[in-house]
Amino acid sequence: MSRIGRMPITIPAGVDVKQDGQTVTVTGKGVTLTQVVHADMKVKIDGAIITVERPSDAKQHKALHGLTRSLINNMVVGVSEGFTKSLDINGVGYKAAKNGSKVVFNLGYSHPVEMEEPAGITIDVPAQNKIIVKGADKQLVGETAAKIRSLRLPDAYKGKGIKYTTETLRIKEGKTGAKK
């Protein structure tokens with residue numbers, strides 16, 4: 001039995017979960033997320049508890065069991081609490097500024113880089129070198145943070161660029177210079 005898949009999901013107050021065939025819809029705090037689950041997975045909603053069951057112990061069913069439970073749990077957590085990713089900008093002259101629904105980055109290129117906020121995501125810039133990505137959809141939050149990071153990946157020698165706050169960089173040693 002899947003250790004993740006067999007765990008029940010408790011629905012917090014203020015969150016509404018509905019199932020229409022293979023489509024699971026989670027609503028809360030003005031946000032609605034939907035997910036189509038695999039046809040073999042059985043999702044049962046009993047009051048304030050959601051359980052996911054699989055039809056057999058086939059390899060594919062075992063894999064889908066934990067995946068389906070995690071996707072539904074991420075939707076419930078997303079509409080009740082939300083997800084955040086924070087990034088740091090390192091480097092002389094590297095900075096970010098919010099301009100309406102756009103974020104303008106100065107990252108050492110010959111031009112500023114503008115990025116529009118995706119629907120359902122808010123990007124906060126509390127300081128010039130800090131970026132916080134918030135949203136209800138865990139996948140979209142991670143994808144947006146990864147796109148921001150890819151604008152200027154951290155340099156392996158000086159550490160300049162955009163990195164996740166929790167990320168630790170291994171700085172390489174440069175050339176040693178003249179031989180003796």
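The values are calculated or read from the model by the stated rules, or taken from the named source; none is laboratory data. Not measured: the values here are computed from a predicted model. Cβ sites come from the backbone with ideal geometry, for glycine too, and all protein chains shown count toward neighbours. Quick note on the areas: whole protein, heavy atoms, side chains included, nothing else; ligands and nucleic acids left out. Shrake-Rupley method; radii C 1.70, N 1.55, O 1.52, S 1.80 Å.
Rounded to whole Hz and in sequence order, give me ³J(HN,Hα) for the stretch 121-128 from the Karplus expression 6.51 cos²θ - 1.76 cosθ + 1.60, θ = phi - 60°, writing x for Gly and Pro.
Rounded to whole hertz, the list is 10, 10, 10, 9, 10, x, 9, 4.
Let me see the P(r) profile for the stretch 1-99: every Cα-Cα distance counted, bins of 5 Å, each bin given as a percent of all pairs.
2, 12, 21, 19, 13, 9, 6, 5, 6, 4, 2, 0
Within the chain, what is the longest stretch that has no GluC sites (Glu not before Pro) placed in a DSSP loop and near at most 15 other beta-carbon atoms within 10 Å?
It runs 82-166.
Using θ = phi - 60° and the Karplus form 6.51 cos²θ - 1.76 cosθ + 1.60, what ³J(HN,Hα) does each residue of the stretch 103-114 get, whole Hz, x for Gly and Pro?
Each residue's phi maps through the Karplus curve to give 10, 9, 10, 10, 10, x, 7, 6, 9, x, 9, 9 Hz.
Quick one: dipole size for the chain, taken about the Cα centre, charges +1 on Lys/Arg Cβ and -1 on Asp/Glu Cβ, in debye to the nearest 20.
1080 debye
Take the solvent-accessible surface of the protein heavy atoms, probe 1.4 Å, and return the percent of it on the chain that carbon and sulfur atoms account for.
51 percent
For K160, what residues show an amide H to amide H distance below 5 Å, using hydrogens built from the backbone and excluding near sequence neighbours?
D155
Can you compute the modelled spin-label distance between A146 and Q35, with each label point 7 Å from Cα toward Cβ, in nm?
If labels sit at A146 and Q35, their model points lie 1.7 nm apart.
Hey, what does the equivalent ellipsoid look like for the stretch 46-91, semi-axes from the Cα gyration tensor as sqrt of 5 times each eigenvalue, largest first, whole Å?
On the way: eigenvalues 197, 64, 3 Å².
Over the Cα atoms of the stretch 46-91, the semi-axes work out to 31, 18, 4 Å.
With every protein chain present, what is the per residue accessible area of the chain (1.4 Å probe, Å²)? Please report the intermediate quantities before stating the final value.
Values: 11120 Å² over 180 residues.
About 62 Å² of surface per residue is accessible.
Could you give the angle, 0 to 90 degrees to the nearest 10, between helix 138-150's Cα long axis and the longest principal axis of the Cα atoms of the chain?
Compared with the principal axis, the helix lies near 10 degrees.
Apply the Karplus curve 6.51 cos²θ - 1.76 cosθ + 1.60, θ = phi - 60°, to the phi angles in the stretch 12-24 and return the couplings in whole Hz, x for Gly and Pro.
So the J values, rounded to whole Hz, are x, 5, x, 10, 10, 10, 10, 10, 10, x, 9, 9, 10.
In Å and from the alpha-carbon atoms only, list the Rg and Dmax of the stretch 41-128.
That works out to 20.7, 58 Å for Rg and Dmax.
Over the stretch 1-115, what is the mean sequence separation of C-alpha contacts under 8 Å (at least six apart), divided by residue count, expressed as relative contact order in percent?
So the answer I get is 22 percent.
Please name which of A48, G66, M115 has its Cα lying farthest along the dipole of the chain towards the positive end, using unit charges on Cβ (Lys, Arg +1; Asp, Glu -1) and the Cα centre as origin.
M115
What's the longest bit of the chain with no exposed chymotrypsin sites (Phe, Trp or Tyr not before Pro), using DSSP loop states and at most 12 other Cβ atoms within 10 Å as the test?
In short, 1-108.
How tilted is helix 59-80 with respect to the longest principal axis of the chain? Cα atoms for both, answer in degrees (0 to 90, nearest 10).
70 degrees
Could you tell me which of G21, L153, I131 has its Cα farthest along the dipole of the chain towards the positive end, charges placed at Cβ (Lys, Arg +1; Asp, Glu -1), taken about the Cα centre?
Among G21, L153, I131, the one farthest towards the positive end of the dipole of the chain is L153.
Could you tell me the center-to-center distance, by alpha carbons, between the stretch 1-51 and the stretch 87-147 in angstrom?
With the stretch 1-51 and the stretch 87-147 each reduced to a Cα centre, they are spaced 32 Å.
Here are some values of P(r) over Cα pairs in 10 Å bins from 0, in percent: [x] 9, 28, 23, 20, 14, 4, 1, 0; [y] 10, 31, 26, 14, 8, 5, 4, 2, 1, 0; [z] 10, 36, 33, 16, 5, 0. Which one was computed from this structure?
Calculated P(r) over Cα pairs in 10 Å bins from 0, in percent: the matching label is [x].
Could you work out the helix-only [θ] at 222 nm for the chain, with each DSSP H run of four or more residues adding -39,500 (n - 2.57) and the total divided by the number of residues, to the nearest 500 deg cm²/dmol?
-6500 deg cm²/dmol
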